[in-house]
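Structure first, commentary second.
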Amino acid sequence: MKVDSPLVVEALDDVPARAAEIEAAGYDGVYTFEGPHDPFFPLALAAEHTCRVDLMTAIAIAFARSPMTLANVGWDLQIMSEGRAILGLGSQIKAHVERRFSMPWSAPAARMRELVQAMRAIWAAWQDGIPLRFEGEHYRHTLMTPFFDPGPSEHGAPRVLLAGVGPAMTTVAGEVADGFLVHPFSTVRFLREHTWPALEDGLARAGRERTGFEVAWPVMVVTGTTEEELAAAEAATRAQIAFYGSTPAYRVVLDAHGWGDLQPELNRLSKQGRWEEMSTLVDDEVLETIAVRGEPDELPALLRDRVGQLVDRIAFNAPYRSDPGAWVRVLQGLRT
């Protein structure tokens, strides 16, 4: 099982040192996300200052960009990193796509399928000289002149991982992607009963084998070495679970455990700005089902038991201040 680390910095100037530290600690990959900063610039810097770790967006918002834009940046990052680039893409929700990015929203699963297929058609034109003739319902790419063709790469195209929660998007990942990014707001039961069946359905539809298809999960973790640290970690994680749980699209995870009625109540409180009250609705059963809780020395065994047979890559999702050295010890424990 591979272990990845978030590449979180306050400024781009901090990326080289932090990326080198992550690689030296023994992680298998670093990932960025679409937050207050662009997710691709840090990976370009990390490519210059590392030589081994995978470089992944987890996630970049696909519908904020065109297939050609993503194909270009993915191709360049793949060459720059000598084959270590992974495009982790997600759809986001309608409100963000339309109101934050001012981009159109339509049939997200079908559109994501086409977006990945369009990127692959563009890469095939560059790598193999196949004429670009992609014409779909959502995307159309039929022009590629020599001036805009970067030519073939010895490293080939980057890998593509798709994120999803519901069955439609998860099935699309099985059909067209190289792997799947599990949402942090997930559980073992949901993966076994919903995620994996949908992925297998998608793989079967495309006539593909499971071999080489990677599933990654940034697992929510509550940890600390003192009672104060544990309490702070628990409070922050409850708040994150409450925030995710308020989203209608994520109700399916709660439904898998019979907790579906929690979602509209959390959503109602979020619209009223009652964020602290939302956390009180996340009881211990919900917390311990979604998150792994324990002291750092206990976490390797707990994580192996929880996810070891389900996914190929994990990361530690910890929405609170913590000691980076403690996570390295957890990583070392997982290695042994």
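Each residue of segment 298-311 in order: what ³J(HN,Hα) in whole Hz does its phi give by Karplus 6.51 cos²θ - 1.76 cosθ + 1.60, θ = phi - 60°, with x for Gly and Pro?
Each residue's phi maps through the Karplus curve to give 8, 5, x, 5, 5, 5, 4, 5, 6, 10, x, 9, 9, 10 Hz.
Helix 196-205 versus the longest principal axis of the chain: what is the Cα-based angle in degrees, 0 to 90, to the nearest 10?
Value to nearest ten degrees: 10.
With just the Cα atoms of segment 44-174, tell me how far they stretch along each of the three principal axes, in Å, largest first.
Projected onto the principal axes, the Cα atoms of segment 44-174 cover 37, 34, 28 Å.
Would you work out the relative contact order for the chain, in percent, from Cα pairs under 8 angstrom that are 6 or more residues apart?
Working: 570 pairs, mean separation 49.5, N = 336.
Once divided by the residue count of the chain, the mean separation gives 15 percent.
Report the extension gain between LYS2 and GLN272 in nm, rounded to one decimal, defined as 0.36 nm multiplied by the number of residues separating them, less their alpha carbon distance.
Values: separation 270, 0.36 × 270 = 97.20 nm, distance 4.06 nm.
Residue separation times 0.36 nm, minus the Cα-Cα distance, leaves 93.1 nm.
So what's the angle, to the nearest 10 degrees on a 0 to 90 scale, between helix 227-245 and the longest Cα principal axis of the chain?
50 degrees
For ASP38 paired with GLU285, estimate the spin-label separation in nm (one decimal), with each label point 7 Å from Cα along the Cα-to-Cβ line.
4.8 nm
Using only DSSP helix segments of four residues or longer, with each worth -39500 (n - 2.57), what per-residue ellipticity at 222 nm results for the chain after dividing by its residue count and rounding to 500?
Values: 13 runs with 143 residues, N = 336.
The helix contribution divided over the chain gives -13000 deg cm²/dmol.
Need the C-alpha centroid separation for segment 171-197 versus segment 64-103, integer Å.
20 Å
Would you mind classifying segment 273-336 by shape? Square roots of the alpha carbon gyration tensor eigenvalues, ordered a ≥ b ≥ c; an a/c under 1.5 is rounded, otherwise it is prolate if a/b is larger than b/c and oblate if not. Mind showing how you got there, number by number?
Numbers: a/c = 2.49, a/b = 1.68, b/c = 1.48.
Prolate, since a/c reaches 1.5 and a/b exceeds b/c.
Which angle from 0 to 90°, rounded to the nearest 10, does the C-alpha axis of helix 15-25 make with the longest principal axis of the chain?
70 degrees
Net charge near SER81: determine it from the other residues with C-beta under 11 Å of the C-beta of SER81, scoring Lys and Arg +1 and Asp and Glu -1. Let's see the in-between values first.
Numbers: positive: ARG52, ARG84; negative: GLU48, ASP54, ASP76, GLU82.
With Lys, Arg at +1 and Asp, Glu at -1, the net is -2.
Could you give the radius of gyration (one decimal) and Dmax (whole number) of the Cα atoms in the chain, in Å?
So, for the chain, Rg and Dmax equal 20.1, 63 Å respectively.
Taking the Cβ of THR211 as the centre, find all other residues whose Cβ is under 12 Å away and add up their charges (Lys, Arg: +1; Asp, Glu: -1). Before the final figure, lay out the partial values.
Working: positive: ARG208, ARG210; negative: ASP178, GLU209, GLU214, ASP312.
Counting the neighbours of THR211, the net charge comes to -2.
Taking a quarter of the surface of the Cα convex hull of segment 23-117, what do you get in nm²?
So the mean shadow area of the Cα hull is 6.3 nm².
A short reminder: the numbers here are calculations on the coordinates, not readings from a lab. A quick note: this is a predicted structure, and the numbers were derived from the prediction, not measured. Heads up, the Cβs are rebuilt from the backbone with ideal geometry, glycines too, and the neighbour counts pull from every protein chain shown.
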